[in-house]
Structures are given as C-alpha cells and as structure tokens.
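Notes for the one structure printed next.
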Amino acid sequence: MSPEQCRMEDSAVISCCPDLTVTIRKKMNSFKKFKRRMGLASSTNNSNRYQATNNLPPLLFHPCHGENIRLMNGGARAQRVDSYCKGIVFSSRPVRINEKIMLRLADVSNQWSGVVRLGFTSVDPRTHTHGLPKYACPDLTSKPGFWAKAMSERYAEPGCVFFYYVTAGGDVHFGLNNEEKGIFFSGVDVSRPLWCLVDIYGNATALEIVQPQPAPLPVLRPTNEELERWTRPALAALTINAPPPHAQQPPLPLPAPQPQPPALAVKYHTHCVFSPLLLHPRVRGRNVTVSPDRTVAARLEGEFCNGYVFGQRPLRLGERLVVQVLSRCSLYVGGLAFGLTSCDPSRLTPAELPDDADLLLDRPEYWVLAKDVARTPAPGDELSFKINGTGAVEFSRNGGAAQVLMHVDASLDLWPVLDVFGGTGRIRVLGVTSELTPGCAAPPPVRAGSEHSLPVPARPSQPLPPPPAELQPAAAADCAVCFERASDAALYSCGHVCMCYCCAVQWKARGGAVCPICRAPIRDVIRLYRS
C-alpha cells in the first residue's frame, strides 16, 4: 500500500471515529506538558513589541555624549573630565520595558553639589549632531520626548549600585543595592522606543554600567512517581490501538487546601473593650483587598503602594483606634501611613487615589497624613491612634508612651485613612475604645450653621475646677518664622498658634498658603491678646 493510500485510510478512520480524535488530541497535549516539565520545549514571549530576544547586545554608553564626557572600558564607563556639567550620556540601544538599567557610581567628587539625573528619551541619540546642552534638567526635559529626574544626594556614595526601569504604564521605578525604593517618576510615553538618558552631574563624576547576570535555571528532578504519571499518557498516545475514552485513567485528585494561619492574639490591649469600626465597603486602593468582615486589609502580592482603606464612619474625639500588623513584606521599605480627612469616602472613586499619599494633600478637602508611622513593622505590632480634645493626634506602639503625631481641626468630622504601604503587608482593625483619658473631654456642642462654628459654652451651676496642666495656657512661644517676636496669631480655620501676627499676615498673602503644622489652608489670621 502506498503512503498516499495510508494517509487516506487514516483520514477515513479519524473521520469515522471523532471520539478517537479527541482522545489523541488530549494525549498529545499531555505529551507537550511532559516536554515542558522536562525542559525540552521552547517558549517565546511576544507580550511587548519592544521586548527583544535574549541575544541583544550588552547595554553600553552611546558614542554621542556631552562635551566633558570620555568613554572607557569599551563604552561601559563614562567619566566627566572637566567642570560639573555637560555630562549627558545615552544608552547604545533602546531598552526594553521592565529592563533594569544598573549603574555603579564609580567616582565621586566633593567640590560641587547635586548628583546624577536619570531618565529616558524617545529621541534617537544619533540626531544630536548639533551638540548637547549643559544640563538634562531642564534643557532637555522641557522638550517633548525627554523625561528625567535628579537622584537624591543621600544615595551618592562611591561604589553604590542603583537601578531604574520603566513599566508598561509609563512609571519609572528606582532601586538601590538590589532594594526597590518605589516609583521615581511617571508619565513616560512607552509607545515608541526608549533610550536611557543619564546626566553625570555635580559630585557624580564617573558611572559604570553593570551587566545583570542571568539567574541560573533551576534543574528539575522529577521523582519516579512523577515520571511514571507523565510518561504513561504520552506513551499511550503513540500507540496505534488507543484505548477508548471511557477506559482512561480517572483524573488525579486536587491537593487539599492549605489551612490559613491563625489570627494573631491581642497582647498589648487585652484590657480594652473594643467597639467595631469597619472598613469602608466600596472605596479602597487598587492594590488592596478587604476581608468579608471588613476588618482585615491585605496588599496584593508584588505591589508596594496604593493600599488605601478608609473607616466607614468618622473617628470621634476621645476614641482610640487600634490596628494590628499581621504580616510584613521584606522586599520594600516604608511602613503604614495614617491620616484623617473631612472627605466622605463614599464621594471618592478608586481612580482618584494616587500612588503617593502626599498628593492627597493637594485635594480641596481637609487631609492630614503621616507616613511611615511603623517604618519597621513586625507581625503582632499594635498601633493606636487617638484625637484628644485639643486636636492633637496621639500615637502609641504596643502600649508604649503616647507621642503627638500631628494636629488636626477637631471641629470637623474626620474619617480615618490607612495606607498599607511598603513593608506592611496585611493589617487588622481591632476596633475603637471609647474610654476618655485625662485631658480629653467629650466633643462640645456647636451652633447650627457653619461647619467651623465656635463651641457654645455651657452655663455651669457651680464653679468649674481648674483645667489639667496639659490644657492650661502656656507661655507665648517664639515665632517659627522670625524667631524674634512671640507667637500671637491664630490661623483660621485650624487654630494653630505658631507665628507672630506680622509674619502670619505675610505668610497668608502668598498664594495657596497653608498651616506649617497641619497643612490646612489658611483662610484668615486672628490676632491674639494675652492677659
């Protein structure tokens, strides 16, 4: 029988037995899985059109560079030989999305100020035939197709290795000595090829490109049971007399779910009776999940920011909010952020929440935030926050001595805000306690009308006792601006007294002036007369 007749006969058999076709297809898929398990299958990644294959040339400095730059070591080292500027360099080829550009600060001077500027450009370096300007910022960044930002001077240590890369969303991430620091800046157009842009500026005089070493592939050594389980369907697929579908082996049982770790016990607030303060059911950051009972917030794996959660109701004066740290992420730095806002979370959308919590202070509502209240969190830590009668926010860790974290306008309804950031991976809101500590009174009644109405004093039938020492008027402190005159001006509407009247009026005259203590907008300045 000729080969053509064999193929025709096989096609007729397959068309007459569709179940046999399905069986063979399933067993061929099993055989492909076996090849991948043994490392015999090839894989390609075409997820990004600018992600090239692994045979790209090593990353070097481009021959087009600033006037004071000299290239050494075959283009892997760039040295500035004169002055403090004209040190702009580029990469020799476009970089891939998420490709880490690793640089070593090889030489540092102490004659200047400022250090390296890092960024990207979509302009081919070969087009700079007319020469390059003195500075990358702002000479190049003011033009379209250039993005750069200065690195902090505290990282400018000889021999330190820093890296940066751009994501598919246009965010540039920065890290130091294999430690991720977070988003460096944003807004890069990734729709076109991008070259590295580096300005060897100021005290940074020489940079070396560090070629990343590829991680060795793990050697998979399957057990005899795994080999038998994987090879049986693959070999059966190669036999001519394939078993019917009903004779196939039953599927392997799924592994039993792993039990969740038990909840951490309360250690430092066992004497407290907690009332529930649940997390908001709808509004939260894009990188955080909330448990069904709305007491646990967990940041997604692989993310380090935008983990905002809000309280369902405002925090009352005298209430102590207690939060327990459940897990820690050692890959990132920074800790939990705590704040208070007059903005009802129901009016927010997740898209309005920025990656950097400081940007919330630019919103029109009243926002006060403190970052890294637990910079080195440990599982089991219990953090408490309380607004006392004077508007001071007291913070305590593990039942320790309370410290004033910030001051707020206590006449407003303030919702608590928590950002599960950096090294804090998962938290649990234990609740609030309503006991009043000395110096913290219940909220006074207010007149109807404005939200900033003054308290209405009660008419006591008996003389009132003298106030506690912490509430007695203190001596006038020096002005925080001129340090010459006494502080005799109250800032409306937060009420803080930290400047003299002359400096406060000049400070308010500036556009967009805010209180230097709580950053609340200054609406007016009230002069105080001390008796």
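What the table shows:
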| item | result |
| --- | --- |
| Any hit, region 337-352, residues being charged (D, E, K, R), more than 30 Å from residue 493 (Cβ to Cβ) and touching a residue at least 12 places away in the same chain (Cβ under 8 Å) | no |
| Hits in region 167-186 - residues which are within 13 Å of residue 120 (Cβ to Cβ) and among the polar types (S, T, N, Q) | 167, 186 |
| Within region 370-401, considering residues that are of a type in the set (A, V, I, L, M, F, W, C) and surrounded by fewer than 18 Cβ atoms within 10 Å (Cβ to Cβ), the one farthest from residue 318 (Cα to Cα) | 378 |
| Residue within region 299-306 that is under 27 Å from residue 494 (Cα atoms), modelled with pLDDT of 90 or more and either surrounded by 18 or more Cβ atoms within 10 Å (Cβ to Cβ) or under 19 Å from the mean Cα position of the chain (by Cα) (or both) present | no |
| Close pairs from region 169-182: first in the same structural domain as residue 154 (by TED's automatic domain parsing) and within 12 Å of residue 98 (Cβ to Cβ), partner assigned to a strand (DSSP E or B) and of a type in the set (Ser, Thr, Tyr), Cβ under 7 Å, at least 6 apart | 172/164; 173/164; 173/165 |
| Members of region 325-352 found to be surrounded by 23 or more Cβ atoms within 10 Å (Cβ to Cβ) and among the polar types (S, T, N, Q), listed by number | 341 |
| Options 493, 531, 487; residue that is farther than 30 Å from residue 266 by Cα, in contact with a His (Cβ under 7 Å, 6 or more places away or on another chain) and either hydrophobic (A, V, I, L, M, F, W, C) or modelled with pLDDT of 50 or more (or both) | 493 |
| Residue, surrounded by the fewest Cβ atoms within 10 Å (Cβ to Cβ), within region 124-146, restricted to residues that are closer than 15 Å to residue 94 by Cβ and in contact (Cβ under 8 Å) with a residue 60 or more places away in the chain | 126 |
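For every residue, the table says whether it meets (1) modelled with pLDDT under 90; (2) in a loop (DSSP other than H, G, I, E, B).
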| position | (1), (2) |
| --- | --- |
| 137 | yes, yes |
| 157 | yes, yes |
| 201 | no, yes |
| 207 | no, no |
| 216 | yes, yes |
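Every residue, every condition in (1) farther than 22 Å from residue 291 by Cβ; (2) outside any strand (DSSP E or B), yes or no:
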{"position": "304", "(1), (2)": "no, yes"}
{"position": "310", "(1), (2)": "no, no"}
{"position": "324", "(1), (2)": "no, no"}
{"position": "360", "(1), (2)": "yes, yes"}
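The values are calculated or read from the model by the stated rules, or taken from the named source; none is laboratory data. None of these values were measured; they are calculated from a predicted model. Note that we place each Cβ from the backbone using ideal geometry, even for glycine, and neighbour counts take in every protein chain shown.
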